[in-house]
Amino acid sequence: MASAASNSVIPASEQVGDFYGGGVVFYIFESGDTGYIAGETHGLIAAVEDLSSSSGDNVYLRWFNGSYVDTGATGTAVGTGSANTDAIISVQGATETSYAAGLARAYTDGTYTDWFLPSKDALNLMYLNRATINTTAASNSGSDFSTNYYWSSTELDGDVAWGQGFFSGGQNIDDKSSTNAVRAVRAF
């Protein structure tokens, strides 16, 4: 008679590049990351396409909703994007599609509604894994990253926030009134 242990099935863990949870897994949390739980697999998922308007046009949005104020969204580390997004929305106004964090929070892939704007460090991981994300996204009705700047949820102060150029990989600060692309992420 077989033991219970020999009949057990070990579930497969998600890996970078997998289509899972409404998007593409681009990072698995490691010890020390916000959201890491020992013995469990958790990480971050990128939406399969840049966020767009209801007409389907790519949208380049301002980081803020018109007010140059400190929002407290200063987390740079992987796993801090959701808290940053909450902080931005609490200061900049209700979730709406006229600014980056509001659009990210309003996004739904048809199933999940817990999307947010990535932190500065998570945005960099998206850039580093863009080829993998693009491949998986394309095979799941998505699209490639553009070669424009993307917003992170991380601000430096009341006037500027961090973005990243997906043509060069450079991270730099930009005026919150500048318009950049937005790609939402969620944690699993």
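Structure notes:
- Bins of 5 Å, starting at 0 and running to the largest distance - Cα pair percent for region 47-124: 3, 17, 26, 27, 19, 7, 2
- Three principal axis extents describe the C-alpha atoms of region 88-142; from largest down they are 35, 27, 17 Å.
- Binning the alpha carbon pair distances of the chain at 5 angstrom intervals from zero yields the distribution 1, 9, 17, 21, 20, 14, 7, 4, 2, 2, 1, 1, 0, 0, expressed in whole percent.
- Springs join every pair of Cα atoms under 10 Å in this Gaussian network model of the chain, and among 111, 135, 76 the largest mean-square fluctuation is at 111.
- Rounded to 10°, Cα long-axis angle of helix 81-92 versus longest principal axis of the chain: 30
- Accessible area in square angstrom per residue, region 82-157, 1.4 angstrom probe: 41
- Residue with peak Gaussian network fluctuation, the chain [Cα springs, cutoff 10 Å], from 156, 103, 51: 156
- Once the Cα gyration tensor of region 118-188 is diagonalised, semi-axes √(5λ) in Å: 22, 12, 10
- Fraction of antiparallel bridges per DSSP, the chain only, in percent to nearest 5: 95
- Residue among 37, 88, 45 with the largest mean-square fluctuation in a Gaussian network model of the chain, springs linking Cα atoms under 10 Å: 37
The values are calculated or read from the model by the stated rules, or taken from the named source; none is laboratory data. Quantities reported herein were computed from a predicted structural model and do not represent experimental measurements. Protein only, heavy atoms only, side chains kept; ligands, DNA and RNA dropped before computing areas. Shrake-Rupley method; radii C 1.70, N 1.55, O 1.52, S 1.80 Å.
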